[in-house]
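The values are calculated or read from the model by the stated rules, or taken from the named source; none is laboratory data. Remember, predicted model here, so these are calculated numbers, not experimental data. For neighbour counting, all protein chains shown are included, and Cβ atoms are generated from backbone atoms with ideal geometry for every residue, glycine included. All accessible areas refer to the heavy atoms of the entire protein, side chains included, with ligands and DNA or RNA removed. Shrake-Rupley method; radii C 1.70, N 1.55, O 1.52, S 1.80 Å.
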Amino acid sequence: MCGIIGYIGTKEASPILLSGLKRMEYRGYDSYGFCFLNDGKASLFKRVGKIDNTEKEFLGKDFVGQIGIGHSRWATTGLVTQENAHPHCDCKKEIFVVHNGIVENYKELKAKLIKEGHIFESETDTEVIAHLIEKYYVNNLEGAVGKALRDIRGTYGLAVISTKDPEKIVAARMSSPLIIGVGVDEFLVASDPSAIITRTRQIINLDDGEIAILKKDGFCILKEEKEAQKNIETIDWDIEQAEKGGYEHFMLKEIMEEPSVIEDAMRGRLLEDEGLVKLGGLESVQDQLRKIDNITLIGCGTAHYAAKIGEYMLEEYANIPTLTDIGSEFRYRKPIVNKSTAAIFVSQSGETADTLAALREMKAKGVLTLGVTNVVGSSQSRETDAGVYTRSGPEIAVASTKAFLGQLTILSLITIYLGRQRDMSIVTGKRIISELMKIPELAREILKQKNEIKKIAEKYKNCRDFWFIGRKYNYPIALEGALKLKEVSYVHAEGLAGGELKHGPLALIDENCPTIAICPTDSVYEKMISNIEEIKARKGKIIAIATVGNEEIEKIADDVIYIPKTLEMLTPILSVIPLHLFAYYFADSLDRDIDKPKNLAKSVTVE
Ligand code: M6R
């Protein structure tokens with residue numbers, strides 16, 4: 001999510017780090033910073049905002065050195081401030097760290113370090129890494145980094161430099177991308193190939209648990225304290241492709257990130273043994289939440305569909321009467337709320353004008369407001385009373401994909417949270433958590449079928465009308481599948497609840513109008529089969545999204561995409577993935593401008 005770069009060699013580091021960070025700016029960062037080492041002295045530079053005219057401020061002036069690290073931040077823990085920008089350092093300002101990832105146990109580590117006398121300057125999880133390295137430093141930087149990382153639970157791609165051991169960069173990786181660039185008389189480390197591609201195409205991919213030590217005259221990579229033999233690979237992408245992680249479009253890159261988005265949304269928040277979830281962002285209102293007896297969920301577009309699924313989850317598992325509305329409708333209705341209402345606003349950007357207007361309306365009525373937001377420091381996150389961040393990382397494509405998965409994951413966590421405050425048993429809490437923990441792997445299984453899904457999408461490329469049907473938890477997924485298809489392909493698509501077909505839409509079914517039927521093996525499966533038969537009787541084609549092992553479906557559907565079995569309330573998290581891929585490949589077969597569809601904007605900040 002954040003961008004990391006490091007340089008050690010025979011050239012001035014600042015222009016190299018600056019241009020590397022600038023090349024990662026396409027992801028939309030909120031703050032940035034650098035640290036350089038020169039003659040054993042460190043110079044630190046941090047700013048809020050985009051990299052802009054910075055060259056004049058530091059190039060060739062106070063900020064010199066042939067060793068340096070840089071970072072562009074996309075806030076997850078702590079607001080967008082200069083103090084929270086990286087690099088972070090220890091008490092004596094001798095050790096400097098840039099980090100991408102999440103330290104799950106940072107609160108307990110921070111409390112312990114403060115007791116031991118460490119002084120913190122930021123709200124970030126990253127700063128604990130610098131203080132841990134300080135605590136463990138004896139002879140060399142790599143030894144202290146190795147010890148510090150043993151205390152950390154979570155994910156990291158990091159680069160560290162120190163005035164105490166000034167001739168090296170130490171880098172480490174755990175579930176967060178990190179590559180080493182091997183140049184001529186120079187070595188680089190980066191989270192993103194686009195940052196270093198103009199200096200070298202020779203790279204080494206670090207694996208989890210590996211620590212790299214880069215010096216001016218060579219490098220070594222350690223795994224469990226022994227030297228690891230690694231292959232040097234050659235990147236053959238151009239810069240534009242490198243920004244997209246080698247994918248043709250951001251939309252596809254972001255779909256491929258969906259499993260890790262689910263993981264990141266859950267990270268550090270599950271208390272498996274107690275069947276509970278820990279949501280730090282709701283702690284300040286936890287007593288108020290015990291007293292609420294109705295919920296209104298509000299969002300727009302894709303976020304509204306996530307909210308609708310949240311409604312089904314909350315009613316079934318938390319036993320709380322729940323309503324969902326669209327921001328633009330809610331703001332002009334006469335909402336009936338009371339002191340026991342909680343309003344949950346779902347938004348990727350946190351800047352959607354209609355959602356914010358609904359939020360302000362609810363606040364004016366004295367209702368408790370909560371946010372499920374991706375962007376830290378956004379208007380929604382500042383204006384709600386409390387909330388939970390989805391941690392989905394920057395979403396660049398206009399069509400929202402991975403953010404939707406983050407929203408669904410958080411809504412399922414909120415369901416457990418509120419359910420366990422009420423009459424949800426520990427057994428049910430544990431069951432949902434254990435199924436949730438399997439979801440990222442199951443999502444990866446679905447993504448492995450991308451080539452088959454591509455073939456199906458291409459098979460229907462001449463169709464100009466599509467129906468998407470689903471019931472219960474998968475009704476909003478039908479709406480999402482149709483929205484995604486129309487927004488990126490410009491082809492007409494409509495989503496509806498399967499039971500509504502016979503009330504009108506059946507009149508449109510014929511052999512030219514295929515239906516995507518989301519029919520996992522769940523409590524409404526038989527009902528979905530009846531709907532599919534109604535369509536088949538009118539010569540309509542069926543593409544079924546069904547549960548692995550359901551061979552019967554192949555007898556009635558024209559094409560089948562299988563998803564793994566999970567708990568009914570979690571099926572939408574899986575069933576939407578093939579629909580995102582279908583929309584992507586269908587639009588690609590029509591050569592559409594997938595990342596920037598016509599007439600649309602990423603963030604709708606006007607009414
Ligand atoms: O930033 P938000 O989640 O509040 O945005 C809401 C909608 O504008 C957004 O989901 C939109 O529908 C997307 N283009 C859907 O892919």
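Here are some notes:
- Apportionment of accessible area to carbon and sulfur, the stretch 3-235, percent (1.4 Å): 47
- Annotation: extensible slack from LYS598 through GLU329 equals 94.4 nm (criterion: 0.36 nm per residue apart, minus Cα-Cα distance).
- Set of lysines with alpha-carbon distance to LYS226 below 24 Å, sequence-local pairs under 8 removed: LYS135, LYS147, LYS164, LYS168, LYS215, LYS216
- Calculated mean residue ellipticity at 222 nm for the chain: -10500 deg cm²/dmol, from DSSP H runs with n ≥ 4 weighted as -39500 (n - 2.57), summed, divided by the residue count and rounded to 500.
- Volume per residue that the Cα convex hull of the stretch 297-369 spans, once the total is divided by residue count, Å³: 77
- Note on the stretch 190-285: Rg/Rh from Cα positions, Kirkwood definition for Rh, rounded to two decimals, is 1.11.
- Label-to-label distance for VAL138 and GLN241 is 4.7 nm, based on points extended 7 Å past Cα in the beta-carbon direction.
- Computed across the stretch 330-380, the Kirkwood hydrodynamic radius from all distinct Cα-Cα pairs reaches 11.2 Å.
- Relative frequency of Cα-Cα separations exceeding 23 Å in the stretch 449-593, percent: 25
- Part-to-part distance (alpha-carbon centres) for the stretch 400-432 and the stretch 307-347, which is given in Å: 16
- The stretch 528-572, Cα convex hull volume normalised per residue, Å³: 75
- Computed E for CYS220/SER19 - FRET, C-beta separation, R0 35 angstrom, nearest 0.05: 0.80
- Length gained on full extension, ASN319 to LYS555, computed as 0.36 nm times the residue gap minus the Cα-Cα distance: 81.1 nm.
- Relative contact order (percent, whole number), the stretch 282-342, Cα cutoff 8 Å, 6+ residue spacing: 44
- Relative contact order [Cα under 8 Å, 6+ residues apart], the chain, whole percent: 11
- Candidate membrane-span-like segments in the chain, meaning DSSP H helices with Cα atoms spread over at least 20 Å of their own axis and a Kyte-Doolittle mean of 0.0 or above, are 402-421, 426-447, 475-489, 571-589, with no membrane implied.
- Centroid-to-centroid separation of the stretch 109-141 and the stretch 522-542 [C-alpha atoms, Å]: 59
- Annotation for the stretch 446-489 versus the stretch 150-209: alpha-carbon center distance of 39 Å.
- Mean separation of Cα contacts under 8 Å (6+ apart) over length of the stretch 360-440, as relative contact order %: 19
- Length added when fully stretched, THR10-ALA537, from 0.36 nm per residue minus Cα-Cα: 182.4 nm
- Probe 1.4 Å - accessible area at ARG73, Å² to nearest ten: 10
- Label zone at LYS339, where the point sits 7 Å out along the Cα-to-Cβ direction: the stretch 276-307 residues whose backbone N lies under 15 Å: 288-294
- Near-label residues of the stretch 288-312 by backbone N, under 11 Å of a point 7 Å along Cα→Cβ of ASP385: 288-293
- Percent carbon-and-sulfur accessible area, the stretch 240-448, ignoring ligands, DNA and RNA, probe 1.4 Å: 47
- Heavy atoms of CYS300: accessible area, 1.4 Å probe, square angstrom to 10: 30
- 47 Å tail of the calculated P(r), the chain, as % of Cα pairs: 17
- Sulfur and carbon atoms: percent of accessible area, the stretch 449-593 [1.4 Å]: 47
- Ligands, DNA and RNA are left out, and with a 1.4 angstrom probe the accessible area of the chain is 39 Å² per residue.
- With q set to 0.12, 0.19, 0.22 Å⁻¹, the log10 of I(q)/I(0) for the stretch 1-131, from the Debye formula over equal scatterers at the Cα positions, is -0.43, -1.03, -1.30.
- The stretch 3-235: C-alpha pair distances exceeding 30 Å, %: 15
- Along its principal axes, the stretch 240-448 has C-alpha extents of 52, 41, 25 angstrom, given from the largest down.
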